[in-house]
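To start, the structure under review is shown below, and the notes come after it.
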Amino acid sequence: MSDTATDRLRNAGVTIWLDDLCCDRIDLGDLGSLTKARNVSGVTMNLEAFKRALRSAPGYEMRISRLANSATVIDAAILDLIAAYVRGVAEVLYSAYRATGGVDGRVSIDVPPDLAYDTGGPRSTARTCS
């Protein structure tokens with residue numbers, strides 16, 4: 001039985017989240033490894049970090065090119081990219097979700113400040129992503 005720092009945190013009731021939703025985490029299987037080796041059971045997506053990843057991570061080039069060629073409106077294209085990765089993360093974290101009755105195994109996305117007090121907008125968008 002392993003006794004890493006994250007094992008001790010998990011055993012103390014701490015849920016470990018990764019604040020780094022990016023394509024490589026899904027495409028390369030890195031997130032799956034982190035769930036096993038480091039007890040990661042939740043992921044959050046910071047929109048500023050996502051913007052930086054879009055500009056620099058090579059894994060997005062093909063997806064962005066496909067969306068550009070389809071003449072997708074920019075907001076819809078971004079939502080499409082985010083939704084694809086949220087679904088991928090949800091698949092990886094589903095066993096944690098199921099094992100904890102939905103307490104763990106979640107994905108969180110930061111919303112723009114103009115939606116901070118608008119509960120209907122983010123909920124509607126989340127339903128679109130599912």
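Just so you know, all these numbers are worked out from the coordinates, no wet-lab data involved. These numbers come from a predicted model, not from an experiment. Quick reminder, even Gly has a Cβ in these numbers, built from the backbone with ideal geometry, and neighbours come from all protein chains shown.
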task = Mind running the shape call on region 1-45? Use the C-alpha gyration tensor, a ≥ b ≥ c as the square roots of the eigenvalues: rounded below 1.5 for a/c, prolate if a/b tops b/c, oblate otherwise.
result = oblate
key: J(HN,Hα) series, region 63-69, from Karplus relation 6.51 cos²θ - 1.76 cosθ + 1.60, nearest Hz, glycine and proline x   = 5, 5, 4, 4, 5, 5, 5
query = Of Tyr97, Asn69, Pro113, which is farthest along the charge dipole of region 5-125 in the positive direction, counting Lys and Arg as +1 and Asp and Glu as -1 at C-beta?
reply = Tyr97
query = What shape does region 47-94 have by the C-alpha gyration tensor, where a ≥ b ≥ c are the square roots of the eigenvalues, rounded means a/c under 1.5, and otherwise prolate means a/b greater than b/c and oblate the rest?
reply = prolate
message = Along the Cα→Cβ direction, 7 angstrom out, place labels at Arg38 and Leu9. What is the inter-label distance in nm?
response = 0.9
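Need the full-extension length gain, Ser108 to Glu61, defined as separation in residues times 0.36 nm minus the C-alpha distance. One decimal, nm.
So the chain would gain 14.5 nm between Ser108 and Glu61.
Please report, in debye to the nearest 20, how large the charge dipole of the chain is about its Cα centre when each Lys and Arg carries +1 at its beta carbon and each Asp and Glu carries -1 there. Mind showing how you got there, number by number?
Working: 15 positive and 16 negative charges, 50 e Å.
Magnitude of the dipole: close to 240 debye.
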Extreme residue, positive dipole direction of the chain, given options Asn39, Tyr85, Ser56 (C-beta unit charges) = Asn39
task = Would you mind checking which residues have amide H under 5 Å from Ser108's amide H? H placed 1.01 Å from N; only 5 or more apart, or other chain.
result = Val43, Thr44, Met45
key: For the chain, calculated [θ]222 nm from helices alone, where every DSSP H run of n ≥ 4 adds -39500 (n - 2.57)   = -17500 deg cm²/dmol
ask   = What is the distance, in nm, between label points placed 7 Å from the Cα along the Cα-to-Cβ direction at Ser2 and at Thr119?
value = 3.8
key: Bins of 10 Å from zero: percent of alpha-carbon pairs in the chain   = 11, 39, 33, 14, 3, 0
inquiry  = Can you compute the modelled spin-label distance between Glu48 and Ala68, with each label point 7 Å from Cα toward Cβ, in nm?
reply    = 2.6
